[in-house]
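Quick note: the coordinates plus some simple rules give every number you see, no bench work behind them. Fair warning: this is a prediction, and the values are worked out from it, not measured in the lab. Ideal geometry is used to build each Cβ from the backbone, glycine not excepted, and the neighbour counts take in all protein chains shown.
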Amino acid sequence: MASEMEEQGRMEQQFGTVITSKRRTLSLHLRETLQYRDLILLFVKRDWTAMYKQTVLGPLWALIQPLMSTIVFTIVFGNLAQLTTADTPGDYLLPEFLFYMIGNICWNYFSTTLQATSDIFWENGDLMDKVYFPRLVSPIAAACSRLISFGIQCGLFVLLWLYFLIRGGTSIRITPMLLMLPLLVLQMMVLALGCGIVVSSLTTKYRDLDMLVDFALGLWRYACPLAYGLQLIPEKYMGIYLLNPVTPILTTVRRAVFGFGFFDLRAYIVSWIVSLAVLLLGLVLFSHVERTFMDTI
Amino acid sequence: MEEWILKVDHVSKQYRLGQIGGTTLREEFERLHAKLRGREDPTRMVGLGDGTVGEPFLALDHVSFAVKKGERLGIIGHNGAGKSTLLKLISRITVPTTGWIGLNGRVASLLEVGTGFHEELTGRENIYMNGAILGMKRKEIDEKIEDIIEFSECSQFIDTPVKRYSSGMCVKLAFSVAAHLDSEIMIMDEVLAVGDMAFQTKCLETMSDVSRVEGRTILYVSHNMNTIRRLCDRVIVLDHGKLVHDGGVEEGIAIYMGAQERLSTCMEYGEFHERETSEDPPIALKRLEAVERESMAFERGAVVRLKLFYQIMRPATDIWLRFELKTAGGQLVGTVFSIEKLRFEGSKQTVLVDFDTKHLAPGKFCADIVAYRKDGLGNEELIDGVFPGFRFEITDREPEDQLIWLPQYWGPACLHPLQISVEEGSVS
């Protein structure tokens with residue numbers, strides 16, 4: 001009925017924007033979202049300023065968190081539990097600290113982005129209730145602003161990495177795989193954003209999922225080779241273990257920065273497929289709820 | 001054929017009562033479980049008026065109208081008539097249940113106080129922020145920033161975080177941004193209620209100007225009939241979701257004012273109050289009764305005792321009350337303030353208010369009830385307001401040696417009588 005009326009209306013006069021209850025499965029307003037890129041930038045800036053304003057250490061806080069967890073990991077998993085840090089068999093020398101640090105930095109980016117995007121409708125409800133802008137702007141901005149902390153943390157990692165590289169005595173080598181890093185970061189963003197908007201779309205109806213996110217991330221963390229190397233996983237479970245889309249990302253990152261380790265092209269491609277599928281599912285759900293979520297939230 | 005800039009065609013918006021908030025998975029399971037066993041839904045909310053939960057409620061009922069370029073349309077109606085819903089649909093915050101809305105060009109809503117402002121950012125940063133939210137490009141804002149700052153009258157504080165601003169300054173800033181946006185349609189929802197009189201006047205003038213000169217279309221919602229008169233050249237009146245008038249301003253106002261002709265001695269206030277507080281209001285006005293009165297027709301000079309029912313969400317002891325008195329035609333007469341602060345605490349849920357009608361001339365009146373707080377700067381913070389709070393009529397006393405009051409010549413207020421005496425010792 002609505003579409004009939006819409007056609008009638010179109011016959012009378014062309015309107016630039018037509019608002020009806022008619023739904024398309026995937027109407028993302030991508031072009032419109034792009035037009036609002038200034039807003040994305042400003043949201044990023046806002047998040048950043050708000051996070052560290054009136055704190056003494058400011059952006060240094062971005063460094064403290066991964067440093068602390070890396071130290072804890074080194075003590076607990078490295079020294080006390082003495083878990084292996086090897087992804088592949090063979091004698092490679094690698095400072096444990098670097099191993100834990102790169103894992104923590106990546107996981108930190110992934111989990112904070114997922115957390116931030118999963119809460120997007122509730123966090124920005126006040127604003128979204130008052131004014132229209134392409135809703136996708138908010139999760140994208142959240143993912144981008146976490147990228148800044150990630151960048152700072154990477155900076156620190158690079159310093160340590162260079163130190164070990166120049167000092168020598170380790171198996172760290174520079175390989176062409178380093179060039180894959182931007183692609184890997186993009187994949188982390190895609191996967192985190194995908195998971196985040198799936199959750200955020202569902203939280204408009206079921207608020208409990210919000211509580212579940214922290215819990216699920218806590219479990220997920222241990223299903224990823226953060227505190228241990230891939231060698232710890234028995235061969236017969238490896239196939240299943242690699243289905244976790246974060247695992248191939250992490251091992252490939254390690255392979256890229258250290259120049260040795262585990263890389264399985266098939267597992268990596270599967271992880272990309274999963275990431276894109278999750279993002280697509282998220283976008284479909286998102287475009288479904290973004291039109292009316294304000295009625296229920 | 002005329003070119004419309006905005007066309008609203010048979011638009012209805014349906015809400016389900018009680019489903020205002022999100023649900024939790026557990027509730028969903030409980031509901032399913034109860035359904036399977038044929039029991040009553042355990043999560044059903046009770047005591048939500050007469051409406052059963054899940055019963056559809058039409059916030060807008062087949063509303064159709066169209067607006068031409070450059071028109072200044074006023075939208076009036078009582079609380080809950082569907083004004084805000086209509087604006088939400090036009091500004092694309094949600095979609096209609098049936099019908100369609102077509103529009104050409106950008107829509108800018110003048111944001112409520114504080115929304116879109118981040119308190120840690122400075123005024124200048126917030127201008128960029130607010131402009132971007134409204135769809136402006138950085139370059140556009142760069143070009144206009146000086147004008148915006150100047151118009152806002154906040155240039156002195158422009159590099160101070162907004163959290164140090166008063167609510168009045170926030171409104172000024174927000175209004176300035178929206179006024180400088182090149183939008184074809186501009187929406188203003190009761191925003192001018194805050195901010196001082198001078199700025200209100202300036203805003204109304206600016207709005208009239210941009211509409212006349214630049215041909216911008218304005219949709220203006222207000223309970224203040226005088227601003228409607230000054231700004232709008234056409235009004236629509238909504239009543240319970242239906243469009244009851246579309247056309248002339250004065251006719252519309254008359255219909256709106258007469259919509260509740262029956263002068264009841266008991267007024268119930270629904271859920272739809274106008275609040276402009278930034279936080280949750282501590283109290284909500286619920287009901288008003290005239291004590292020991294059979295009608296709301298009072299003899300001139302009578303002191304009327306009113307009983308005001310309220311609900312306390314949080315105890316508050318610093319709230320003031322005022323009645324803004326208007327004639328039935330919407331003309332402002334004057335305001336009475338409470339002498340002292342009201343204490344809302346404990347289990348009491350009513351206060352008695354003695355309202356002296358001594359200075360009111362015979363005629364029909366309505367009074368808006370406003371509960372507010374004031375800060376040290378003399379700015380007010382609206383806690384709750386009901387528009388109108390109650391309506392009443394002043395009847396003339398049997399004239400003893402006075403004339404019968406002629407409100408059309410002498411106005412709605414009769415002031416204190418002149419005291420005439422002869423100076424002693426003077427020569428007459």
For segment A:98-206: relative contact order, % (alpha-carbon pairs under 8 angstrom, 6 or more apart): 52
Span-rule helices in chain A, defined as complete DSSP H runs reaching 30 Å or more along the axis (Cα) with Kyte mean at least 1.6: A:181-203, A:265-289
For the protein assembly as shown, with +1 on Lys and Arg beta carbons and -1 on Asp and Glu, the positive-most of B:Val213, A:Val274, B:Leu121 along the dipole: A:Val274
Residue-averaged [θ]222 nm for chain A, counting only DSSP H segments that reach four residues, each worth -39500 (n - 2.57): -20500 deg cm²/dmol
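Would you mind calculating the relative contact order of segment B:266-410 from Cα pairs under 8 angstrom and at least 6 residues apart, reporting the percent as a whole number? All intermediate terms of the calculation are to be shown ahead of the outcome.
Values: 310 pairs, mean separation 41.2, N = 145.
That works out to 28 percent.
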Of A:Ile71, A:Ile19, A:Ile140, the one that fluctuates the most in a GNM where chain A has Cα springs shorter than 10 Å: A:Ile19
³J(HN,Hα), Karplus 6.51/-1.76/1.60, whole Hz, each residue of segment B:121-135, x for Gly, Pro: 7, 7, x, 4, 4, 5, 4, 4, 4, 5, x, 5, 4, 7, x
Selected from A:Val158, A:Val131, A:Val72 as most flexible by GNM, with chain A as the system and alpha-carbon contacts under 10 Å: A:Val131
Cβ charges +1 (Lys, Arg) and -1 (Asp, Glu), total dipole of chain A, debye: 500
Positive-end residue of A:Phe260, A:Leu30, A:Thr170, charge dipole of chain A with Cβ unit charges: A:Thr170
Once the Cα gyration tensor of the protein assembly as shown is diagonalised, semi-axes √(5λ) in Å: 60, 28, 27
Prolate/oblate/rounded call for segment A:29-296, Cα gyration tensor, a/c under 1.5 rounded: prolate
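Counting Lys and Arg as +1 and Asp and Glu as -1, each charge on the Cβ, what is the dipole of the protein assembly as shown about the Cα centre in debye, to the nearest 20?
On the way: 73 positive and 87 negative charges, 561 e Å.
Computed about the Cα centre, the dipole is about 2700 debye.
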Lysines with Cα under 16 Å of A:Lys130, excluding same-chain neighbours fewer than 8 positions away: B:Lys83, B:Lys88
C-alpha center-to-center spacing [segment B:309-352, segment A:265-292] in angstrom: 54
Cα-centre dipole for segment B:266-410 with unit charges at Cβ (Lys and Arg positive, Asp and Glu negative), debye to 20: 160
Residue of A:Arg167, A:Arg37, A:Arg46 that the Gaussian network model of chain A assigns the largest fluctuation, springs spanning Cα pairs under 10 Å: A:Arg167
